[in-house]
Structure formats: C-alpha cells, structure tokens
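The values are calculated or read from the model by the stated rules, or taken from the named source; none is laboratory data. As the structure is a prediction and not an experimental result, all values here were calculated from the model. Neighbour counts are summed over all protein chains in view; Cβ atoms, including those assigned to glycine, are modelled from backbone coordinates with ideal geometry. Note: accessible area is taken over every heavy atom of the protein model, side chains too, but ligands, DNA and RNA are not part of it. Shrake-Rupley method; radii C 1.70, N 1.55, O 1.52, S 1.80 Å.
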Amino acid sequence: EEWHLWAVELRSEVEASRLRGCVRGGAVAGCGGEEGREDDCDVDDEDNGGADEAVEAQQLLDKTNIFIFDCDGVIWRGDSVIPGVPETLDFLRARGKRLFFVTNNSTKSRAQYAKKFESLGLSAEPEEIFSSSFAAAAYLEQTKFKDTGKKVYVIGEVGIEDELKLVDVPFIGGHADAGRKPNMTKGGKLEHDHDVGAVVVGFDRHINYYKIQYAQLCINENEGCEFIATNCDAVTHLTDAQEWAGNGAMVGAIKGCTGREPTVVGKPSPLMIDYIIEKYHVTRDEVCMVGDRLDTDVLFGKNNGLSSMLVLSGVTTEDKLLSPENKIVPDCYADSIAEQETRTHTSTEHLSGVRPSFSFFILYQHNPEVNATSAQM
C-alpha cells in the first residue's frame, strides 16, 4: 500500500533564532553553534535526528486540541485552494482536532465565508468561522452600543453590514455611499449625521473621498464617536496573481485626518480568541495559531498565550522571517500546511539549504481503511 506523506516542515523558535547567524548557501544547512561558524553547523545528524524529530512532531500534535487557521495565504490564495489543504484539514478532523478559521478580511459575513468554503470543496460550519466583520459586530454588542441609541457609519462592504444586521445595530454608509461625491464647489460642504456614535472601517474596494470626509466629520465633530478598525493589514490577496493594498490603507486615511488611533477588533486583538476560549472551555496552551503574517497572525498567537506557526504560502517570506530586523518569532514555521511533494523524515533539507529542526508528517492515504488507521495513531 502506498503511503503519501504530507510533510509540514517545522522549525522551533530556538532553531529559528540560531539560523539568523548561519552562513547561508554552500554546504551550510542549519546551525547549532556560534554564529557564522560552518564547522558548528549541523548537516549530517539524520541518524539521531529522525527519531527525535518524529517525537517532537507527535508531541506538538498531541498537545494541540484546537488549530486556528488564517484563510488568505494559508487555506487559499484569492479563489484558489492551496494544494493539499483539503486532505490536511480532513486528517486533523479525523484525529479529533477542532478547527477554526479566523480571517481579517471583513468583506464577507460568516455565512458568506461558509459558502466560499463549500464552493472550494472545503468543509466548514459558520460557527467555525470568525471574520473581522463578525468581530466588529461582536465588539459593538459586548459594549452595548445599541443601548446608546446611536448608529454606525460604515466604510466597508456587505460583510460588515450583514453582521451588524444580525445584532440589530443600525448603520448608514457602506455600499450605499459607493460612487458618491461631496459638493466641493465654492461654499460647498458635506452634511453628516450627528447621531453616528461609531465609525467602522473595513476593507472597501469602493473607498472614495466622500466616505473619508464623512468619517472624519463623525469622528472629529460627534462627541464620543468611536473609531473602530476591523484590521490594519498592509496588503491582502484579492487574486492569486499579486498582493493588493489592504485595509491598512483605508484605516491610515482616517487616522491621518483625525489624528485618532482606532480600536482594532481583528487580529492581533484578543477579542476573537477570548470568545473561543470562553465558549469552548479550553485553555490557551491547547491552541495553535497558524497564519502567513508575522504582525497579525503570529503576534495574535504570542500576545494571547497560544502556540504559533508561520507558513510561507502567503505574505511573509523566509528572508523576512529570519532577518535581523524581525522581532516577531513564531514557535515554528513551514512552507505551507500541506506539502505537495512526498517526503520522508530523512529528506528535510529545503528552503535555501536550511535544515528544519523537525518534521510534522501528516499521513494520508486514498484508501479509507488505511486513512482510518492513520487517524488512530
């Protein structure tokens, strides 16, 4: 029977810090000694390393009961599933692991994301999905915004609007203000609603000057008006062809004209993990955050007491991760959550010759009986 090894190459935080001092290229592959000394670099310890790596990988899998995955750059790029991801998720579910999907993308509601999962052949229930649009609505609900009798001005798309409707928070703006232009002729002004008590800024492909001006009037002139950002991501994956300016561009415009810092409800804010911990009665050391961004996903994990795994299938490159300027170090990192090529525990050299500290192998077989056996391991 042919076993397909879906290898996720992981590296410990200690190894990552050591690798910063390694001489890259040539025969140097992973460093165990002083910075820059080739004779201290470990390239040939496969005899003893293989068993230790397997034990470490098994320990990681055993201690983690909840995996939280970012979506863009981890599960998919644009509208394309990253190869091997469906099998990896199925394997983890078969092992009894609970999966959640946490995304800073606010353009869709949880129900819309569930449909996207389905359209891509992925299994996910709406309650397993936490979008930053949901986080914005949950924050307003937790702070009892509705009791103020105020309304929300939305810069963003339908995802925010749908989630606000679910918690009965009144709002204006959003898609209704797409294409609108303020009167900027002599003596012209933009009238705004003085009952707006919060401005929520999410990713908006129809951002315009009207929306920016309306938001700044509400924040600057309405007493107590709160400035809420779904996230501050610099770039996003609208397509799988290139990176696109993210919600950080929209938030930055409002910060620039108001001088105010927003309340951020998406990653790395603790709002979503606090909800999961409370609802599902788990401890933080049982949870691993998997994402492609250092400043949101990994920081989200580290700030909230979770294990963290960075994947290189999205925004962050290995060079950026291992650069001396980077101060955010995950517990481990990998090419992706599912390698396409078949590997064994002795073939672990990749990524510019750097030898990973251990390998986490996900055994997958198309034979249902064999797959069921692997799920019991």
inquiry  = Of everything in segment 289-328, what is touching a strand residue (DSSP E or B) at 6+ places or on another chain (Cβ under 6 Å) and among the acidic types (Asp, Glu)? Give them in sequence order.
reply    = Asp292, Asp297
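Rundown of residues vs (1) surrounded by fewer than 20 Cβ atoms within 10 Å (Cβ to Cβ); (2) modelled with pLDDT of 95 or more; (3) β-branched (Val, Ile, Thr); (4) assigned to a loop (DSSP other than H, G, I, E, B), yes/no style:
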residue	(1), (2), (3), (4)
Glu87	yes, no, no, no
Leu92	yes, no, no, no
Val102	no, no, yes, no
Lys115	yes, no, no, no
Ala124	no, no, no, yes
Ala137	no, yes, no, no
inquiry  = With the requirement that a residue be touching a Leu at 6+ places or on another chain (Cβ under 9 Å) and in a strand (DSSP E or B), what does segment 155-195 give you?
reply    = Phe171
query = For Leu166, which of the numbered conditions (1) within 25 Å of Asp295 (Cβ to Cβ); (2) of a type outside the set (Phe, Trp, Tyr); (3) in contact with a helix residue (DSSP H, G or I) (Cβ under 7 Å, 6 or more places away or on another chain); (4) open to solvent by 70 Å² or more (accessible area, probe 1.4 Å) fails to hold?
reply = (1)
query = For Asn303, are the conditions met, namely being within 15 Å of the chain's Cα centre (by Cα) and at pLDDT 95 or above?
reply = no
ask   = Restricting the first residue to segment 268-289 and requiring it to be at pLDDT 90 or above, which pairs with a second residue that is charged (D, E, K, R) and exposed (fewer than 13 other Cβ atoms within 10 Å of the Cβ) meet a Cβ separation below 9 Å and a spacing of at least six or different chains?
value = Asp285/Lys63; Glu286/Lys63; Cys288/Lys63
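A quick yes/no check of all residues on (1) out of contact with any helix residue (DSSP H, G or I) (no Cβ under 7 Å at 6 or more places or on another chain); (2) at pLDDT 95 or above; (3) open to solvent by 50 Å² or more (accessible area, probe 1.4 Å):
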site: Phe171; (1), (2), (3): no, yes, yes
site: Lys181; (1), (2), (3): no, yes, yes
site: Val196; (1), (2), (3): no, yes, no
site: Val201; (1), (2), (3): no, yes, no
site: Arg205; (1), (2), (3): yes, yes, yes
site: Asn222; (1), (2), (3): yes, yes, no
site: Thr230; (1), (2), (3): no, yes, no
site: His237; (1), (2), (3): yes, no, no
site: Trp244; (1), (2), (3): yes, no, yes
